[in-house]
Amino acid sequence: MNYFNEAVLWLNDPLNWTNPGGLVDRLTEHLVISFWAVLLACLVGWPIGIWLGHRGRGGAAVVTLANVTLALPTLALLTILPLTPLGFGKPPVVVALAVFAVPPLLANAYTGLRAVDPEVRDAAKGMGLSGRQLLTRVELPLAVPYLAAGLRTATVQVVATATLATFVDGGGLGEIISAGFGLGISVGGGQIVAGGIFVVLLALIVEGLLAGVQRLVTPRPLRSVRSRRPTAAAPAG
């Protein structure tokens with residue numbers, strides 16, 4: 001049996017899109033989960049990374065924290081968090097995915113602030129700018145491309161990983177794949193492949209959109225230099 005052809009037929013059936021629990025419902029759940037996870041991660045990762053980058057300290061701590069959070073398996077968190085007061089459903093999924101998204105946001109925020117030319121900082125201080133004004137008027141605008149790169153990486157990772165939400169009754173596109181396995185590979189193989197294809201396409205679309213946003217916020221003279229997305233180099237201690 002050609003499961004790819006079965007997947008195409010499954011995706012071409014309007015009822016698989018519009019029925020309760022179909023692709024439209026699951027896509028909406030997937031996007032909502034991903035949005036809240038990335039937002040929570042931004043509220044944690046960006047302030048810490050920006051503060052440490054502005055002060056020029058804590059590079060070793062950033063590397064350590066990023067490595068520790070990356071070392072935590074998302075599936076393990078999804079298994080443990082439902083046993084806490086968060087319970088099953090979307091809350092543990094959002095928290096687990098947020099933990100997964102923090103490292104690129106934190107590291108790129110720190111790197112972006114530290115990448116500001118020291119001579120630019122000195123000139124701003126010579127003009128009488130306070131520490132807060134230096135941060136908001138000079139450092140943050142110059143670090144925006146790095147912040148956008150961290151957001152791009154984190155969002156794509158979350159969108160792809162949110163498929164695991166099905167393991168704790170969290171909804172999302174993983175439910176399509178899980179339901180296919182429930183039918184058995186001989187019957188639900190096409191649905192399984194269709195769900196996987198849909199997740200891949202969604203991740204690619206998000207990647208493309210955020211790549212465009214990153215390019216827009218990168219100053220034109222720097223676009224040719226940063227033909228690749230800025231990545232977080234290992235910060236100096």
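The values are calculated or read from the model by the stated rules, or taken from the named source; none is laboratory data. Note that the structure is predicted; figures quoted are calculated from it, not measured. Please note: Cβ atoms are built from the backbone with ideal geometry, for glycine as well, and neighbour counts cover all protein chains shown. Just the protein is used for accessible areas: all its heavy atoms, side chains included, with ligands, DNA and RNA removed. Shrake-Rupley method; radii C 1.70, N 1.55, O 1.52, S 1.80 Å.
Which one of A123, L78, Y110 is farthest out on the positive end of the charge dipole of the stretch 6-164, using unit charges on Cβ (Lys, Arg +1; Asp, Glu -1) and the Cα centre as origin?
Positive-end residue among those listed: A123.
Sequence gap at least 6, Cα distance under 8 Å: using those rules, report the relative contact order of the chain to the nearest whole percent.
It comes to 29 percent, rounded to a whole number.
Could you calculate the contour length gain from L183 to V68, that is, 0.36 nm times the residue separation minus the distance between their Cα atoms, to one decimal place in nm?
Extra length available between L183 and V68 comes to 37.6 nm.
Calculated from the structure, percent of Cα pairs over 25 Å apart equals which of [x] 57; [y] 50; [z] 38?
So the calculated entry is the one marked [y].
Under the 0.36 nm per residue contour assumption, what length would be gained going from the current alpha-carbon distance of T28 and L75 to full extension?
On the way: separation 47, 0.36 × 47 = 16.92 nm, distance 2.17 nm.
Length gained between T28 and L75: 14.8 nm.
Using a 1.4 angstrom probe on the protein heavy atoms only, could you order E29, E139 from most to least accessible area?
E29, E139
Pick out the long, greasy-scoring helices in the chain: whole DSSP H runs spanning 24 Å or more along their own axis by Cα, mean Kyte-Doolittle at least -0.5.
23-55, 90-114, 140-161, 185-217
Viscosity 0.890 mPa s, temperature 25 °C: what is the translational diffusion coefficient of the stretch 123-203 from Stokes-Einstein with a Kirkwood Rh over Cα pairs, rounded to a whole number of µm²/s?
155
Tally up the carbon and sulfur contribution to the accessible surface of the chain as a whole percent, 1.4 Å probe, everything protein left in place.
68
Kindly rank 105-117, 195-207, 12-24 from highest to lowest mean number of other beta carbons found within 10 Å of each residue.
105-117, 195-207, 12-24
Among V95, L43, V144, whose Cα sits farthest toward the positive end of the charge dipole of the chain (+1 at Cβ of Lys/Arg, -1 at Cβ of Asp/Glu, about the Cα centre)?
With unit charges placed on the Cβ atoms, the residue in question is V144.
In debye to the nearest 20, how big a dipole does the stretch 8-149 give about its Cα centre with +1 on each Lys and Arg Cβ and -1 on each Asp and Glu Cβ? Working shown, then result.
Details: 9 positive and 7 negative charges, 104 e Å.
Value, rounded to 20: 500 debye.
Would you mind computing Rg(Cα) / (2.2 N^0.38 Å) for the stretch 69-206, counting N as its residues?
Dividing the Cα radius of gyration by 2.2 N^0.38 Å gives 1.46.
Hey, what number do you get for the chain at 222 nm if only DSSP H runs of n ≥ 4 count, each worth -39500 (n - 2.57), divided across all residues, to the nearest 500?
It lands at -23500 deg cm²/dmol.
Calculate the dipole size of the chain relative to its Cα centre from +1 charges on Lys and Arg beta carbons and -1 charges on Asp and Glu beta carbons; express the result in debye to the nearest 20. List each step's numbers first, then the result.
Details: 16 positive and 11 negative charges, 244 e Å.
Rounded to the nearest 20 debye, it is 1180 debye.
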